[in-house]
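Trainee: Following this message is one structure expressed as structure tokens.
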Amino acid sequence: MERTFVMVKPDGVQRNLVGEVIRRFEAKGFTLVGLKMMKVSRELAEQHYDVHRERPFFGSLVEFICSAPVVAMVWEGDGVVASARKLIGATNPLTSEPGTIRGDFGVSIGRNLIHGSDAIETAQREISLWFAPEELVSWEPAN
Ligand code: CMP
């Protein structure tokens, strides 16, 4: 079954949006199989954002992700990687559609509340970076 990695970033946690994010993913019909709140180490943040290492915002992005707790999650379901990206909305909240998480709650690209894996291979890499296998729980939803 397909899985994706989702992280409520420090700004999302500080704005009390953790429940709202979980509610939207549950309401859509996806299954939560991993969940933890954590303060992110610089090493993990740099590994997670490795593809952006040469970008001018890399340093401030890593600093921001390490600045306060995040909530890391793994969601499961058919097509969950692409669907999660739609629920989350475009990277820049100023242009994300209303009805998406970023479109409804954000205005700043550097404070865009939430991260979701951009492809199936990325999801696999990010899940194994953030979660040990024993932290993931497989279970059958009621229907
Ligand atoms: P995310 O989906 O977590 O993936 C990369 C992140 O880099 C992105 O969300 C933004 O938070 C951040 N980002 C992208 N572009 C910029 C930018 N121009 N300035 C600051 N942060 C950015």
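Trainee: Return the residue satisfying two criteria in turn: it lies in the stretch 68-90 and is over 20 Å from Ile127 (Cα atoms) and within 13 Å of the ligand (Cβ to nearest atom), and of such residues it is surrounded by the most Cβ atoms within 10 Å (Cβ to Cβ).
Mentor: Of the stretch 68-90, the ones over 20 Å from Ile127 (Cα atoms) are 68, 89-90.
Cutting the leftovers down to within 13 Å of the ligand (Cβ to nearest atom) gives us 89-90.
Working: Gly89: 24, Ala90: 16.
For the stretch 68-90, the residue satisfying everything is Gly89.
Trainee: Continuing with this model, one more query. Would you mind finding the one in Ile114, Ile127 that is touching a Phe, Trp or Tyr at 6+ places or on another chain (Cβ under 8 Å) and among the hydrophobic types (A, V, I, L, M, F, W, C)?
Mentor: On the way: Ile114 fails: touching a Phe, Trp or Tyr at 6+ places or on another chain (Cβ under 8 Å).
Of the residues listed, the single one that is touching a Phe, Trp or Tyr at 6+ places or on another chain (Cβ under 8 Å) and among the hydrophobic types (A, V, I, L, M, F, W, C) is Ile127.
Trainee: Quick check on my filter: what residues within the stretch 4-54 are of a type in the set (Lys, Arg) and in contact with a Leu (Cβ under 8 Å, 6 or more places away or on another chain)?
Mentor: Kept after step one, since they are of a type in the set (Lys, Arg), are these residues of the stretch 4-54: 9, 15, 23-24, 28, 36, 39, 42, 53.
Scanning the stretch 4-54 gives Lys9, Arg15, Arg24, Lys28.
Trainee: Taking Arg15 as the residue in question, decide whether it is modelled with pLDDT of 95 or more and over 23 Å from Trp139 (Cβ atoms). Working first, answer last.
Mentor: On the way: modelled with pLDDT of 95 or more: yes; over 23 Å from Trp139 (Cβ atoms): yes.
The answer is yes for Arg15.
Trainee: Which residues, counting only those in the stretch 10-20, are small (Gly, Ala, Ser) and crowded, with 19+ Cβ neighbours inside 10 Å? Write out each step before concluding.
Mentor: As a first pass, look at the stretch 10-20 and keep what is small (Gly, Ala, Ser): 12, 19.
The one that is small (Gly, Ala, Ser) and crowded, with 19+ Cβ neighbours inside 10 Å: Gly12.
Trainee: Restricting the stretch 93-109 to residues that are within 14 Å of the chain's Cα centre (by Cα) and either without any contact (Cβ under 8 Å) to a residue 60 or more places away in the chain or in a loop (DSSP other than H, G, I, E, B) (or both), which is nearest to Gln47 (Cα to Cα)?
Mentor: Within the stretch 93-109, the subset within 14 Å of the chain's Cα centre (by Cα) is 100-102.
When the remaining residues are screened for being either without any contact (Cβ under 8 Å) to a residue 60 or more places away in the chain or in a loop (DSSP other than H, G, I, E, B) (or both), the result is 100, 102.
Details: Thr100: 27, Arg102: 24 Å.
Only one residue fits best here, namely Arg102.
Trainee: Return the residues of the stretch 91-141 that are among the small types (Gly, Ala, Ser), in contact with a Ser or Thr (Cβ under 9 Å, 6 or more places away or on another chain) and within 11 Å of the ligand (Cβ to nearest atom); say none if nothing qualifies.
Mentor: Once the filter is applied, which keeps residues that are among the small types (Gly, Ala, Ser), in contact with a Ser or Thr (Cβ under 9 Å, 6 or more places away or on another chain) and within 11 Å of the ligand (Cβ to nearest atom), the stretch 91-141 yields Gly106, Gly110, Gly116, Ser117.
Rundown of residues vs (1) in contact with a Phe, Trp or Tyr (Cβ under 9 Å, 6 or more places away or on another chain); (2) hydrophobic (A, V, I, L, M, F, W, C); (3) in a loop (DSSP other than H, G, I, E, B), yes/no style:
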| site | (1), (2), (3) |
| --- | --- |
| Met1 | no, yes, yes |
| Val6 | yes, yes, no |
| Gly12 | yes, no, no |
| Val21 | no, yes, no |
| Val33 | yes, yes, no |
| Lys36 | yes, no, no |
| Leu44 | yes, yes, no |
| Phe64 | no, yes, no |
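Trainee: Would you call Arg23 at pLDDT 95 or above, exposed (fewer than 13 other Cβ atoms within 10 Å of the Cβ) and within 23 Å of Ala84 (Cα to Cα)?
Mentor: yes
Trainee: Say we look at the stretch 30-57 and pick out the residues that are under 22 Å from Gln14 (Cβ atoms) and within 11 Å of the ligand (Cβ to nearest atom); which of these is surrounded by the fewest Cβ atoms within 10 Å (Cβ to Cβ)?
Mentor: Taking the candidates together, the pick is Phe57.
Trainee: Where residues in the stretch 58-67 are open to solvent by less than 50 Å² (accessible area, probe 1.4 Å), under 18 Å from Arg15 (Cα atoms) and of a type outside the set (A, V, I, L, M), which of them is nearest to the ligand (Cβ to nearest atom)?
Mentor: Phe64
Trainee: Something else: Answer yes or no as to whether Arg3 is open to solvent by 30 Å² or more (accessible area, probe 1.4 Å), under 14 Å from the mean Cα position of the chain (by Cα) and either under 17 Å from Arg125 (Cα atoms) or within 16 Å of the ligand (Cβ to nearest atom) (or both).
Mentor: Details: open to solvent by 30 Å² or more (accessible area, probe 1.4 Å): yes; under 14 Å from the mean Cα position of the chain (by Cα): yes; either under 17 Å from Arg125 (Cα atoms) or within 16 Å of the ligand (Cβ to nearest atom) (or both): yes.
So Arg3 passes the test.
The values are calculated or read from the model by the stated rules, or taken from the named source; none is laboratory data. All values derive from a computational prediction rather than experimental measurement. Using ideal geometry, Cβ is built from the backbone for each residue, glycine included, and neighbour counts are taken over all protein chains shown. Only protein heavy atoms, including side chains, enter the accessible area calculation; ligands, DNA and RNA are left aside. Shrake-Rupley method; radii C 1.70, N 1.55, O 1.52, S 1.80 Å.
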